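Below is one structure, written out as structure tokens, with a few remarks after it.
The values are calculated or read from the model by the stated rules, or taken from the named source; none is laboratory data. Because the structure is predicted, anything quoted here is derived from the model rather than measured. Using ideal geometry, Cβ is built from the backbone for each residue, glycine included, and neighbour counts are taken over all protein chains shown.
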Amino acid sequence: MSSETDYRPVSRSGRVNQEAVPYLKRDVAERICDFEEVILGYDNELAEEEASRCMQCPDPQPCTLSCPAGNDIPEALWQASQGNFIEAALVFAATSPLPEVCGRVCPNLCQQGCVLGKRYGAISIGKLEAFVSDVAREAGALAITVPEEKTGKHIAVVGSGPAGITIAEDMAKLGHEVTVYEAWPEPGGVLVYGIPNFKLEKRVVGYKIQDLRDAGVKFITNSRVGENVMIEDLQHEYDAVFLGTGAGIEATMGIPGEDLEGVWKSTDYLVRANVKEEMRPEDKKIVPDIGKRVAVIGGGDTAVDCARSSIRLGAEEVTIVYRRTEAEMPGNPTERKICLEEGAKINYLQAPVEYIGDENGRIKAMKVIKMELGEPDASGRRRPIKIQGSEFIQDVDTLELAVGYWPDPLLGDKTENLETYKWGLILTDEEIGATSREGVFAAGDNAHGPDLVITAVASAHKAAKSMQAYLEGKTIVLPQPKPRRKK
Ligand SMILES: Cc1cc2nc3c(=O)[nH]c(=O)nc-3n(C[C@H](O)[C@H](O)[C@H](O)COP(=O)(O)OP(=O)(O)OC[C@H]3O[C@@H](n4cnc5c(N)ncnc54)[C@H](O)[C@@H]3O)c2cc1C
């Protein structure tokens, strides 16, 4: 963070109190014909201009406080405003191993802290982060530096999403030998097998995985720990184990007709639509024939990603069906706006109660009920209540379920002393990432529940610190069991 001694007078920027510089986006008509990235972001000149709007707020800067990873945003923006794009990228990279990714997909929690927000529009920190990181990538400046002399300690990381990537990098930088086990054919977690290309091109994740390989990190793919290899086995072979297994089990609503042909769970659908055939597992080679009318159930980022993928696969009418109103919608509002621009519709205060099939067992329609909002529920959002007698039939050719995720219970079920709770979340001390099993750490969606790339990064950094303390022989206090569901 900037200190008193390097305080930069705001007048130096010359752009204080000016409107946001718009970033570039591809035209709708062009972009819905392919799966390539939609947001083009900034060029050199626009980036300097936008970054120079930063007021360089005194410490503690609200943007940095709002970023779960604590990125030193004012310093990065100062460097960018001076045209020092590589230096700016290195500031972001100092606290986040995924600046190119977060710049593209983060809902920009940092921007919510920007003091310019209300009056002039927050600085587009995410777009600047993506821009400067791409410049640094092009210049070969994002390589991971690891000590030549190794510590002799070996770390197993299970899962190669943002949490696994973060701890793999942190531990490799400390001189440990890291091996990552991944169930999918390629590393990257949801960044590859979930988030569509039009938000985040796979090549961006590929660069990061290559950086890790270049730093000596090994990846063992097509390997689901808990099946052939157990955590106990890993603990015999490695000095510490990290679980970054995410929350990959897809929820359903348990309503009649969910097993009809043409009803897809979101990840299954997104993987088939967005991932190259050679990167997909054998059981996901077929790309769905979706017909003309697609309905997506849900209201978060996943629902929006499904809707936008369906538009690109040729659907003529794409409707997101959400049981609350826009005010309660959980996803990124910018992405939602882009989705509407691309032609999707959102039907608020509605929920399906039944899917109806044709004589061949394929979905042809759904029965939908209208809702109204009642009192707030445990999530703090107003509870949707069915309006009896308001049911109607909507014709659909394809139905996509994007109604939530929970962690795979496999590891909790198969591993002694690895406590889980609620829907299979791994019990951890959130501040240190220690699980109830000594020498095993966990962070990301499997520990705090489905959330964001940046929160997985932030929690994995904490787990890396305590794993290092454990390797140094310090005492780690293990979390105490909570009431839990364990089979
Ligand atoms: C469709 C979709 C869109 C999203 N969009 C955004 C967005 O725009 N912005 C944002 O910030 N967040 C978004 N998110 C959320 C974000 O992607 C996740 O919060 C983040 O990826 C969590 O990181 P993770 O490392 O904890 O888990 P994951 O990314 O889920 O990675 C876990 C990895 O562990 C592997 N694994 C699981 N079990 C095992 C096992 N037993 N053995 C070996 N490997 C195993 C999985 O195969 C997976 O590769 C989105 C999520 C989805 C599903």
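Checking Lys127 against (1) within 25 Å of the chain's Cα centre (by Cα); (2) farther than 30 Å from Ala434 by Cβ; (3) assigned to a loop (DSSP other than H, G, I, E, B), which single condition isn't satisfied?
The one condition Lys127 does not meet is (3).
Going through Pro107, Pro147, Pro162 one at a time, which residue ends up being within 30 Å of Leu24 (Cα to Cα), touching a helix residue (DSSP H, G or I) at 6+ places or on another chain (Cβ under 9 Å), of a type outside the set (Val, Ile, Thr) and outside the structural domain of Asn71 (by TED's automatic domain parsing)?
After ruling out the rest, the residue left standing is Pro162.
Any residue in segment 345-366 that is in the same structural domain as Glu261 (by TED's automatic domain parsing) and within 17 Å of Ile32 (Cα to Cα)?
yes
Among Ala303, Ala327, which is within 30 Å of Asn108 (Cβ to Cβ), touching a strand residue (DSSP E or B) at 6+ places or on another chain (Cβ under 6 Å) and of a type in the set (Gly, Ala, Ser)?
Matching residue, one of Ala303, Ala327: Ala303.
Of the residues Glu186, Glu169, which single one is farther than 13 Å from Ala460 by Cβ and out of contact with any strand residue (DSSP E or B) (no Cβ under 8 Å at 6 or more places or on another chain)?
Exactly one of Glu186, Glu169 is farther than 13 Å from Ala460 by Cβ and out of contact with any strand residue (DSSP E or B) (no Cβ under 8 Å at 6 or more places or on another chain), namely Glu186.
Give me the helices (runs of 4 or more DSSP H) completely within segment 395-487, filtered to those with at least 2 residues that are away from the ligand (no atom under 13 Å from the Cβ), ordered by residue number.
Result: 453-471.
Among the residues of segment 270-297, write down those that are touching a Leu at 6+ places or on another chain (Cβ under 7 Å) and either within 16 Å of the ligand (Cβ to nearest atom) or of a type in the set (Phe, Trp, Tyr) (or both).
Scanning segment 270-297 gives Ala273, Ile297.
Please specify each residue of segment 319-354 satisfying the condition of being within 16 Å of the ligand (Cβ to nearest atom) and β-branched (Val, Ile, Thr).
Within segment 319-354, Ile320, Thr334, Ile338 meet the criteria.
So, of the residues in segment 254-269 that are closer than 14 Å to Ala295 by Cα and within 16 Å of the ligand (Cβ to nearest atom), which turns out to be farthest from the chain's Cα centre (by Cα)?
Trp264
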